[in-house]
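Undergrad: Here's a structure for you.
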Amino acid sequence: MDDGTRTREINRFARELGARIDDGDRTVCEGPEWGKRMRGLGFEMDCWESFDRAYGRGDGPDGFAHAVGRTDDVQVLGNGIYSYWCYINHWAEGGTEDDYRGLRMMLSRLVKSILTSTWRSSRGRSGCDGAAVGPRPDAGDPRRGRVAGSAGTRGTAGTCKFAHGQLAAVCREPI
């Protein structure tokens, strides 16, 4: 899909999922539908690695809000949303209201970011191997907004870190 189409589809996805969360729908993290949609948009469940490396997650809710607020990389933010969604879906037993507020905050930031950011897809990757994102480049750096990775790799056992703690997971297959 070309960048213009992808931008429109990401916008539609973020607005639809955000609206469902706003309406109190806590079934959005059940079943595979939203995960399939995120994969179709080129996002990866990387166990929070790309987001954590690029922005960190701060300490507590205020630190997390600050990290999300300075996020400007669509791919990294989408990967973080997918990872957070998987956390709620698979490991948090439906999640808490704080989890949904965090996910909603990320979706709002995604809508804001899609008009100003660039991305490079690293499709085909899955699991906890994480995206190889180095130190955050300066605003004028041409590498900014890119996620590097080797296509086709599979994750191995690792520790997936989420906004509200750590989660040990074996991520050998795509979720």
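Quick note: the coordinates plus some simple rules give every number you see, no bench work behind them. Owing to the predicted nature of the structure, the values given are computational and were not obtained by experimental measurement. No Cβ is skipped: glycine too gets one built from the backbone with ideal geometry, and neighbour counts run over all protein chains shown.
Undergrad: Starting from the Cα of Met1, step 7 Å toward the Cβ, then list every residue of segment 68-102 with an amide N under 15 Å from that point.
TA: 74-75, 78-79, 82
Undergrad: Further question on the same structure: Between Trp91 and Arg37, what is the FRET efficiency for a Förster distance of 25 Å, r being their Cβ-Cβ separation, to the nearest 0.05?
TA: Between Trp91 and Arg37 the formula returns 0.80.
Undergrad: Rank the residues Ser108, Ser50, Ser83, Ser113 as a footprinting-exposure proxy: fewest other Cβ atoms within 10 Å of their Cβ go first.
TA: The fewest-first ordering by Cβ neighbours comes to Ser108, Ser113, Ser50, Ser83.
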